[in-house]
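Structure, as structure tokens:
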Amino acid sequence: MSFLIPLTIIFSILAPFIYILFWKKIIKNKKVPKGYGLIILLYILFSFFIMNNIEINFFQVALLVTIIIGYWFDDLIHLSIEARILLMICASVLVLVMIGDSLYKLLFTFIILFIFTNSINFSDGEDLNLSIILISYLLFMLYFNNFESLHIINNEFLILILITILGFSLFNYFPKKIYFGDAGCFGLGVIITSLIMYSYLNEKREIFIYLLPCFFLLIDFFYVIFVRINKGEKLSRRNYLHLYQVIKRKFNNKFYLIPYPLYVLFIGLFINYTINIGYSKLFIYWIVFVFSFGYYFSLRALNAIIK
């Protein structure tokens, strides 16, 4: 399916421009265009079905897409927290149905979806931040996907996703131009949750290597939640306590883009070394987890010291 590469390049350049026109001229919303991640996810889904000859239930896929589109209205008009939770519950049920798992795992699935959706969404508050995170993550996946023991995703498919993110980044670089949005982050959360639950059901433990770069985002998510609860703040309100936001305020430049790519590079080098000499995956997970804590809180401490 090599024709998808040039098609994706054209799409990645034109689609953000068309989406911005749609947001401003068709629906006439005066706010910064948000929710473009939904368009990327729909294109990724289209590409996936073209590249993979697999049996699917089109009704279930269409229903899941409808749920994600429903979440797009949070970008447009701001849904209530109850409406967002209801959409997450519906998506969790559908994920379990699609992978053939039992509904008694609904709470577990919902918690995973809630955590990943919000940890990704909280990274979409400054220009290029989420773009750099996704690009770093995709490069990590592309590298380790070449290991025979870890190869579970088509490289061409990962490249297609990378191209769409790079196209989005060209627009996301400019202040208040376009954002990935709640719907895009929710869609990514659905994909990650589906992979986790499918891998757990089918005992494909190697997928968890690909989730290791998430530790940094998850630590930031839980740290900010803890701080806000400790301060008695309402969690549904917007905040600016995340590490990249703190760095942005202190230095007033794009230094906030540096920590995550460095983090992915560090853990990538470590994983590459330990896999090559035969360390167990459980040992790798534990060391990456400990390093992630040390790296994150070292940055917090360094930021507090620097005036």
- [ ] Could you pull out the residue among ILE271, ILE275, ILE284 that is touching a Lys or Arg at 6+ places or on another chain (Cβ under 9 Å), in a helix (DSSP H, G or I), outside the structural domain of VAL65 (by TED's automatic domain parsing) and more than 23 Å from ASP124 (Cα to Cα)?
- [x] ILE275
- [ ] For ILE178, state whether it is among the aliphatic types (A, V, I, L, M), surrounded by fewer than 19 Cβ atoms within 10 Å (Cβ to Cβ), in contact with a helix residue (DSSP H, G or I) (Cβ under 8 Å, 6 or more places away or on another chain) and not in a helix (DSSP H, G or I).
- [x] no
Task: Options ILE178, ILE153, ILE163: the member that is among the β-branched types (Val, Ile, Thr) and touching a Phe, Trp or Tyr at 6+ places or on another chain (Cβ under 6 Å) - done: ILE178
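Residue-by-condition table, conditions (1) loosely packed, with under 13 Cβ neighbours inside 10 Å; (2) of a type outside the set (Ser, Thr, Tyr); (3) outside the structural domain of ASP127 (by TED's automatic domain parsing); (4) more than 15 Å from ILE163 (Cβ to Cβ):
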site	(1), (2), (3), (4)
LEU4	no, yes, no, no
LEU7	no, yes, no, no
LYS30	yes, yes, no, yes
LYS34	no, yes, no, yes
ILE39	no, yes, no, no
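Going by the conditions given, is ILE20 of a type in the set (A, V, I, L, M), closer than 26 Å to PHE122 by Cβ and either at pLDDT 90 or above or surrounded by 13 or more Cβ atoms within 10 Å (Cβ to Cβ) (or both)?
The answer is yes for ILE20.
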Task: the stretch 221-243 residues that are without any contact (Cβ under 8 Å) to a residue 24 or more places away in the chain, paired with ones that are assigned to a helix (DSSP H, G or I) and exposed (fewer than 15 other Cβ atoms within 10 Å of the Cβ) (beta carbon under 7 Å, 6 or more apart) - done: LEU241/VAL227
- [ ] Report whether or not PHE251 is among the aromatic types (Phe, Trp, Tyr), out of contact with any Leu (no Cβ under 9 Å at 6 or more places or on another chain) and exposed (fewer than 11 other Cβ atoms within 10 Å of the Cβ).
- [x] no
Task: Qualifying positions in the stretch 254-286 - more than 18 Å from LEU134 (Cα to Cα), surrounded by 16 or more Cβ atoms within 10 Å (Cβ to Cβ) and either among the β-branched types (Val, Ile, Thr) or touching a strand residue (DSSP E or B) at 6+ places or on another chain (Cβ under 6 Å) (or both) - done: ILE271, THR274, ILE275, ILE284
Open item on the list: Any residue at all in the stretch 192-210 that's part of a loop (DSSP other than H, G, I, E, B) and in contact (Cβ under 8 Å) with a residue 24 or more places away in the chain?
Closed with: yes
Task: Of all residues in the stretch 99-127 being among the small types (Gly, Ala, Ser) and crowded, with 19+ Cβ neighbours inside 10 Å, the one that is nearest to LYS34 (Cα to Cα) - done: SER123
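Residue-by-condition table, conditions (1) without any contact (Cβ under 8 Å) to a residue 60 or more places away in the chain; (2) more than 27 Å from PHE157 (Cα to Cα); (3) among the aliphatic types (A, V, I, L, M); (4) part of a helix (DSSP H, G or I):
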| position | (1), (2), (3), (4) |
| --- | --- |
| LYS30 | yes, yes, no, no |
| PHE48 | no, no, no, yes |
| SER92 | no, no, no, yes |
| ILE112 | no, no, yes, yes |
| ILE115 | no, no, yes, yes |
Task: The one condition in (1) without any contact (Cβ under 8 Å) to a residue 60 or more places away in the chain; (2) under 27 Å from ILE163 (Cα atoms); (3) surrounded by fewer than 17 Cβ atoms within 10 Å (Cβ to Cβ) that LEU130 fails to fulfil - done: (3)
- [ ] Identify, from the list ASP220, ASP182, the residue that is under 15 Å from PHE116 (Cβ atoms) and not assigned by TED's automatic domain parsing to the domain that holds LEU107.
- [x] ASP220
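The values are calculated or read from the model by the stated rules, or taken from the named source; none is laboratory data. Keep in mind that what you see is a predicted model, and the values were worked out from it rather than measured. Cβ atoms come from the backbone with ideal geometry, glycine included; neighbour counts cover every protein chain shown.
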